[in-house]
Amino acid sequence: MRVLVVEDDAALRDQICEALRGEGYVAEAAADGEQGLYMAQEYPIDLAIVDLGLPKVTGIDLIKRLRKGTGSSTGPRSVPVLILTARDGWQNKVEGLEAGADDYLVKPFQTQELLARARALLRRAGGWASAKLVSGQIELDTTAKSLKVGERAVDLTSYEYRVLEYLLTNAGKVISKSELSEHLYAEEDERDSNVIEVFIRRLRLKIDPEATMNPITTLRGSGYRWDLPRA
Amino acid sequence: MFSLRLRLLLATSLTLAFFLVLGGLSLDRAFNASAEQSQMERMQAISYALLGGAEPNEYGELSFADDKLPDTRLQQPQSGLEAALFGESAGLLWGSPSLGDDIPTPANQPVGQWRFERVGQRFVLVFGLSYVGDGGAARQYSLMLAEDTALYDSQMKIYRRTLLLWLGGGSAVLLLLQGAVMRWSLRPLRRLVRELGDIEAGQRERIEGVYPQELRSLTEGLNAMIVNERSQQGRYRNALGDLAHSLKTPLAVLHGIAERPLNAQNLTEQHKLLQEQVSRMGHIVQHQLKRAATVGTRTLAEPTAIRPLVEKITGALTKVYHSRQMAFTIDIAPTLKLRADSGDLYELIGNLLDNACKYGQSRIAIAASRDRWQVTITVDDDGPGFPEEALPLLERGIRADTRHEGQGLGLGAVKDIVDAYQGQLKLEKSPLGGGRVIVRFAA
């Protein structure tokens, strides 16, 4: 999952990015509203964390333009937005949420709280209500980052977990290899689509060693799809 | 302090009374003088007529024949008109039959001169004359004519009564007219007072009426003051917001540093201390800034419509509590306005509803209504309700900055705002099964 952090305070921005990376997200950072808006419009992000008090373009304007698609080649975007605000008045919160944000967090906040909100928004965007993504016998706990298949606990590497979380969050949708790598790797990482194939193969083996459930369907030329029904 | 109306009424009434008394007196004087003048002239005419019939008697003295008197009243006793002739030595030479006993004896009157005066109940006219009889010697006489004042007095009485009646009626009409003029002149002031009252009551945002030139600078000044007060409030809020931003961002960083070893086993004592202190600072900053931002009662506060604000907040909360599918019921008339700062109202209702969302299951109801005295806002939820000790806790007014998140009821901020408006906060059991918060403000 790729998360954009738009925050003008360098220390806080680095801190948030670091915490996100620690959770296995790909974190992108922007220092002002203008850059933030550009990245939110042009980058394949899954979530934007936006400070309201930004230089150049305010957080509110950023969200409004993102939702409207003003000056963007990709048109309006519905990517979930979490606002960070120091002005904890309700008028500000309401204004931010009315502009198109999905949730707010008041500064100062605890990192765990920020991560929980981020997880919830990502889940919500995929149509999941609970922190546990359950599909068939597969149960992925996004808080504990653990996987159970039936009663069996399955150990996943960080990258395997990210691939599975992305597929499962977007269950039913076709996800191309390039989309997967865009959402899983940071800009500067070496991308190799063969690696994705390796992860998918390993996931299939770990989840479904007997090949009885076939949760991940390969669509030749277009990508992968999680095909088990959501619980 | 007298009211303007009373001052004007008093001043004009006193002026009116002064001029009426003055006018009445001079009219009375003038009438009196002219009546006396005509009385004298009438008596002079009788004197001339009397003298016309004068003849010398056998002693050579001037005398009048009783049957040739010019006015029949002179012949009747007690008729009120008397005539007498006095000689040089002031002896009574002749008296008309009507002459009474109590007639005063006049001093010698110089020849050819009249004297007219009022003596007791009589007007007395004395004329000095000299008569040259057959003997050639001139004798001096004083002819006196007296007339009872009764007729004159009764005429005067009638005149005065009429005068009083007209003057009194006139002043009554004038006073009424004056009252009407004053009402009309003071009407813009009364309207201004009413408009100000409306602004105070939150029914109006500014003074809108068209006023006479004399009041225009006042109304413009008032409007400017109202706008200024409101924008100043906005600037103050913004400054506080900036302060909050510049304080809280570094606090958030500190928070992050304090939390860095994410698993609890690695927490050193210093980390724990740092975490505690940072979180305490955060709470203090939050609480004090919130309190500073609370405007509280202002005389010329802009009225805020409650319903649109509630709809905005429930819309926002629906997003925030997306996964819980909260159902909000709003029972508030669209026209209902409260004389409170909109920022304060946002805080109040935002906190109340957020609290209800936190503790409630799925149903939240908010209602607001106004009666003659107060505006009542009620928020219900279907959660577990408030603990027994909640109310005394609130009433004791415990310091919200000493409370940690989750420890209180989340009503500290609400209580601060309600206090700032001298309102009432009550906690009850809700018909929905959970807690009910009732907030009352003076209307």
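The values are calculated or read from the model by the stated rules, or taken from the named source; none is laboratory data. In this text the structure is predicted, and so the values were computed from the model without any measurement. With ideal geometry, Cβ positions are generated from the backbone for all residues, glycine too; neighbour counts draw on all protein chains shown.
General observations
- Counting residues in the stretch B:222-233 that are out of contact with any helix residue (DSSP H, G or I) (no Cβ under 9 Å at 6 or more places or on another chain), more than 14 Å from chain A (Cβ to nearest Cβ), over 23 Å from B:Ala420 (Cβ atoms) and in a helix (DSSP H, G or I) gives one or more.
- Among the residues making up the stretch B:135-177, those that are free of Cβ contacts under 8 Å to residues at least 40 places away in the same chain and more than 30 Å from B:Leu8 (Cβ to Cβ) are B:Gly136, B:Ala137, B:Ala138, B:Thr149, B:Asp153, B:Ser154, B:Lys157, B:Ile158, B:Arg161, B:Thr162.
- Residue match in the stretch A:50-73 (condition: more than 22 Å from A:Asp227 (Cα to Cα), part of a strand (DSSP E or B) and away from every other protein chain (no Cβ under 12 Å)): yes
- Looking at A:Glu160, A:Glu151, A:Glu139, A:Glu165, just one residue is crowded, with 22+ Cβ neighbours inside 10 Å and away from chain B (no Cβ under 14 Å), and that residue is A:Glu165.
- Helices (runs of 4 or more DSSP H) fully within the stretch B:339-443 that include at least 1 residues being at pLDDT 85 or above and hydrophobic (A, V, I, L, M, F, W, C): B:342-359, B:412-420.
- Selection within the stretch B:43-75 - of a type in the set (Phe, Trp, Tyr) and in contact (Cβ under 8 Å) with a residue 12 or more places away in the chain: B:Phe64
- Filter pass, B:Leu176 being farther than 29 Å from B:Pro56 by Cα and surrounded by fewer than 12 Cβ atoms within 10 Å (Cβ to Cβ): yes
- Any hit, the stretch B:366-380, residues being over 30 Å from A:Ala129 (Cα atoms), within 12 Å of chain A (Cβ to nearest Cβ) and either crowded, with 18+ Cβ neighbours inside 10 Å or within 35 Å of the chain's Cα centre (by Cα) (or both): no
- Single residue of the stretch A:9-49 satisfying the filter (part of a loop (DSSP other than H, G, I, E, B) and more than 19 Å from A:Ala118 (Cα to Cα)) that is nearest to the other protein chains (Cβ to nearest Cβ): A:Asp9
- Of note, B:Ser246 does not satisfy the criterion of being assigned to a helix (DSSP H, G or I), over 20 Å from A:Trp90 (Cβ atoms), in contact with a His (Cβ under 9 Å, 6 or more places away or on another chain) and facing chain A (nearest Cβ under 9 Å).
- Checked against (1) surrounded by fewer than 21 Cβ atoms within 10 Å (Cβ to Cβ); (2) at pLDDT 90 or above; (3) of a type in the set (A, V, I, L, M, F, W, C), A:Ala118 passes all but condition (1).
- Among the residues listed as A:Leu105, A:Leu122, A:Leu114, A:Leu84, the single one being within 11 Å of another protein chain (Cβ to nearest Cβ), part of a helix (DSSP H, G or I), under 29 Å from A:Ser158 (Cβ atoms) and touching a Leu at 6+ places or on another chain (Cβ under 8 Å): A:Leu114
- Count - residues of the stretch B:187-210 that are hydrophobic (A, V, I, L, M, F, W, C), surrounded by fewer than 15 Cβ atoms within 10 Å (Cβ to Cβ) and modelled with pLDDT of 85 or more: 2
- Only one entry of B:Pro106, B:Pro110 meets the criterion of being free of Cβ contacts under 8 Å to residues at least 60 places away in the same chain, under 18 Å from B:Leu85 (Cα atoms) and in contact with a Phe, Trp or Tyr (Cβ under 8 Å, 6 or more places away or on another chain), and that entry is B:Pro106.
- Every residue from the stretch B:313-350 that is facing chain A (nearest Cβ under 9 Å), free of Cβ contacts under 8 Å to residues at least 40 places away in the same chain and buried (at least 20 other Cβ atoms within 10 Å of the Cβ): B:Ala316, B:Tyr346, B:Gly350
- Selection from the stretch B:116-140 of residues that are under 15 Å from B:Glu36 (Cβ atoms) and buried (at least 16 other Cβ atoms within 10 Å of the Cβ): B:Phe116, B:Arg122, B:Phe123, B:Val124, B:Leu125
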